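Notes follow once the structure below has been shown.
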Amino acid sequence: MFEVYGETFASRFLLGTAQYPSPQILADAVRASGAEILTVSLRRETAGNGTGGRFWDRIRELNVKVLPNTAGCHSVKEAVTTARMARDLFGTDWIKLEVIGHHDSLQPDVFGLVEASRILSDDGFEVFPYTTDDIVVGERLLEAGCQVLMPWCAPIGSAKGPVNPDALRSYRSHFSGVPLVVDAGLGRPSHAATVLELGFDAVLLNTAVAKAGDPVAMARSFAMAIEAGRLAYEAQPLEPRDMAVPSTPVLGMAVFE
Amino acid sequence: MKLTINGEPQEVASATLAALLHELAYDHEFLATARNGELVCAEERSACVLEAGDRIEILSPMQGG
């Protein structure tokens, strides 16, 4: 079971709701994924349009927990105000906190992230910070009040998978007992399986499912990989060895010479 | 008076944020609002008196990752 901020979930798959070919495919992909937590966002609404309301009705039908984000925010002020608006709208203290530091890489501004995390935690929010794999930044986020950390494994939407597995391994060892979610950069189910095998508690992804040729099948595939990766972690995988070790016992072998 | 609403300059007659949402035909929509960069909760909109030059943001849910 995946535990975060006092709540327990059977699924370790957090799924984004953007970029699907249609609302129906989004709904089908969510069901196929088994995800119990979906990320949503906030944008300017045009009068009389009702787009946001219709989208929200569809999400509510899925009967899942929502995790609003502050995507696109480049300053502490923007992120904090967006988080407060999200809480007023969605009625949840949960916020996926993004403070973006760079337009091209979408790398987090970790200094702003720590500051915004402190402001929002003090204001009663339960913050899910989108961060890098830097351990010192992770420490500062915990000190700021975060009870979960969400390091990237590659840039948002890049589909590269874990580009620095050693850093993720160190991160997991250092933050023993802290819920860790790999957020951003996953492209294939095998990437998700890899980070679950390393002991990460869950993954958050969007583009890899939404932009697949068949998002519904890909959602199911990720769900299976996440389950397999977690099971493998719990089963304590064999560590790599430098030399060959025979798998068949040599004792009792016949001698023909 | 002239306000900036979702980044666009607009001439409006309303004195409060609640009245403004009605004037702009946002009735019955699922919204979050801010005035000059600060959240205005749904229940505070009637008491939120507008002044010329205010920057108003009117947001609603959308897809996100």
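The values are calculated or read from the model by the stated rules, or taken from the named source; none is laboratory data. Predicted model only: the values in this text are computed from it and were never measured. Glycine also receives a Cβ, built like all others from the backbone with ideal geometry; neighbour counts cover every protein chain displayed.
Exactly one residue among A:Arg31, A:Arg84 is under 21 Å from the mean Cα position of the chain (by Cα), among the charged types (D, E, K, R) and farther than 14 Å from B:Gln63 by Cα, and that residue is A:Arg31.
Among the residues of segment B:18-43, the ones that are aliphatic (A, V, I, L, M) and more than 13 Å from A:Leu89 (Cβ to Cβ) come to 6 in all. When the residues of segment A:59-68 are narrowed to those that are surrounded by 15 or more Cβ atoms within 10 Å (Cβ to Cβ) and without any contact (Cβ under 8 Å) to a residue 40 or more places away in the chain, which ends up nearest to A:Phe9 (Cα to Cα)? This residue is A:Val64. Residues satisfying the criterion are present in segment A:66-74 (criterion: at pLDDT 95 or above and polar (S, T, N, Q)). I'd like to check something: does segment A:166-179 contain any residue that is within 17 Å of A:Pro129 (Cα to Cα), in contact with a strand residue (DSSP E or B) (Cβ under 7 Å, 6 or more places away or on another chain), outside any helix (DSSP H, G or I) and charged (D, E, K, R)? Checked against the condition, which is being within 17 Å of A:Pro129 (Cα to Cα), in contact with a strand residue (DSSP E or B) (Cβ under 7 Å, 6 or more places away or on another chain), outside any helix (DSSP H, G or I) and charged (D, E, K, R), segment A:166-179 yields no hits at all. Figure legend. Inter-residue proximity from segment A:169-191: first residues at negative phi, second residues among the hydroxyl-bearing types (Ser, Thr, Tyr) and at pLDDT 95 or above, beta-carbon distance below 6 Å, spacing 6+ or different chains. Indicated pairs: A:Asp183/A:Tyr130; A:Pro189/A:Ser221. Number of residues in segment B:1-41 that are surrounded by fewer than 15 Cβ atoms within 10 Å (Cβ to Cβ) and under 27 Å from A:Ser75 (Cβ atoms): the value is 10.
Per-residue answers, yes or no, for (1) at pLDDT 95 or above; (2) more than 22 Å from A:Ala225 (Cα to Cα):
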site: A:Met1; (1), (2): no, no
site: A:Gly6; (1), (2): yes, yes
site: A:Glu36; (1), (2): yes, no
site: A:Gly52; (1), (2): no, yes
site: A:Val76; (1), (2): yes, yes
site: A:Val80; (1), (2): yes, yes
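Where strands (runs of 3 or more DSSP E) sit wholly within chain B, those with at least 1 residues that are among the polar types (S, T, N, Q), closer than 26 Å to A:Pro68 by Cα and more than 7 Å from chain A (Cβ to nearest Cβ) occupy B:2-5, B:32-35. Given the structure, is A:Asp109 more than 9 Å from chain B (Cβ to nearest Cβ) and not β-branched (Val, Ile, Thr)? Criteria met by A:Asp109. No other residue among A:Ala210, A:Ala225, A:Ala244 is surrounded by fewer than 10 Cβ atoms within 10 Å (Cβ to Cβ), modelled with pLDDT of 90 or more and small (Gly, Ala, Ser) apart from A:Ala244.
Evaluated against (1) farther than 17 Å from A:Ala202 by Cα; (2) in contact with a Ser or Thr (Cβ under 9 Å, 6 or more places away or on another chain); (3) of a type outside the set (A, V, I, L, M), A:Lys160 falls short on exactly one condition, (2).
Number of residues in segment A:117-145 that are in contact with a Ser or Thr (Cβ under 8 Å, 6 or more places away or on another chain), closer than 26 Å to A:Gly91 by Cα and buried (at least 19 other Cβ atoms within 10 Å of the Cβ): the value is 4. Just one of the numbered conditions (1) under 17 Å from A:Phe13 (Cβ atoms); (2) assigned to a loop (DSSP other than H, G, I, E, B) is not true of A:Ala208: (2). From the list A:Pro215, A:Pro165, which residue is crowded, with 21+ Cβ neighbours inside 10 Å and either free of Cβ contacts under 8 Å to residues at least 24 places away in the same chain or not charged (D, E, K, R) (or both)? Matching residue, one of A:Pro215, A:Pro165: A:Pro215.
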